[in-house]
Structures are given as C-alpha cells and as structure tokens.
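The numbers here are math on the coordinates, done by the rules we state, and not lab data. Owing to the predicted nature of the structure, the values given are computational and were not obtained by experimental measurement.
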Amino acid sequence: MQRRFLMLGLAVALLALAIVATPSNAFAQSERFKKFAEATPKAGEKAPDFTLKTLDGEVFNLSEAAADQPVVIEFGSYT
C-alpha cells in the first residue's frame, strides 16, 4: 500500500515536471521568441565576435584566437 502511494506520487511529480519543462506553443509563436530566433546564429554561420576576461584576468578575443587555430567553446558543468 505504501509503495503504491510512493509510485503514484512519483508519477504525479514526473507529469508536473513534464508540463513545466515543455515550452508552450504560445511562447514559440510570440514576437519575443521570433526576435530571439532571428538573432541566433544558424548552423554553419560564424560565431559573433566577443571579448571577455579569463579567470586569470587575461583578455580573450574570439577573432584573435580563431585567426591562429580552431576554437571550441564548450558550455557545461563538471560537477
């Protein structure tokens, strides 16, 4: 009996997560989303140039780094 309630609670939690995590069709058709999609680089296009400071305080510029070698930018978590 207790296991049944646990399974039911887990199913409800997963359903709620799926509903919250799914983007609404209304947002996908909104003007805000369309502007974002237009400004985003498409596959095969060059990335826009940017400059930032590294953790060591050095300046990194994409166009300067890409002139010498290929650049791979990875966004992720190592935890």
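Relative to the present Cα-Cα distance, how much length would full extension add between E31 and A47 at 0.36 nm per residue of separation?
So the chain would gain 3.4 nm between E31 and A47.
In whole Hz, what ³J(HN,Hα) sequence does the range 10-16 give by Karplus (6.51, -1.76, 1.60; θ = phi - 60°), x for Gly and Pro?
5, 5, 5, 5, 5, 5, 4
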